[in-house]
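So the structure is just underneath, and the comments pick up after that.
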Amino acid sequence: MCAAIGEFDADESWDLAGFTSTHAWLKDQGMHPRDAFELVKLARKLRRLPETAAAWLRGELTGGQVRIIGQLIVDRHVARFAAHEPELLP
């Protein structure tokens, strides 16, 4: 679901649906505002962390582990983490 939300956000499909953001669309779908905010934030970060996203899809990382990575890797360090994902994930 997170990858789909990332794609939905990146291609601005929310605009075609008549919303101002992915966050607004998720809230309209019944998601709690805080949960929608966190999901969009993680989805955006995972688009910049392809190895982490792939490891999650393969079942090598749990959702909890991915959420922790998303919380601990601040935006200004995402590129640095992404450059070393293959070494760091195992």
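The values are calculated or read from the model by the stated rules, or taken from the named source; none is laboratory data. Everything numeric in this text was worked out from a predicted model, so none of it was measured. Please note: Cβ atoms are built from the backbone with ideal geometry, for glycine as well, and neighbour counts cover all protein chains shown. Each accessible area value is taken on the protein alone, full model and side chains, heavy atoms only, with ligands, DNA and RNA left out. Shrake-Rupley method; radii C 1.70, N 1.55, O 1.52, S 1.80 Å.
Observations on the structure shown:
- Test: residue in region 78-85 that is more than 18 Å from Glu7 (Cβ to Cβ) and touching an Asp or Glu at 6+ places or on another chain (Cβ under 6 Å): yes
- When restricted to residues that are of a type in the set (Val, Ile, Thr) and under 20 Å from Asp9 (Cα atoms), region 42-68 contains 2.
- Of all residues in region 7-66, exactly one satisfies the criterion of being within 13 Å of the chain's Cα centre (by Cα), open to solvent by 90 Å² or more (accessible area, probe 1.4 Å) and aliphatic (A, V, I, L, M), namely Leu57.
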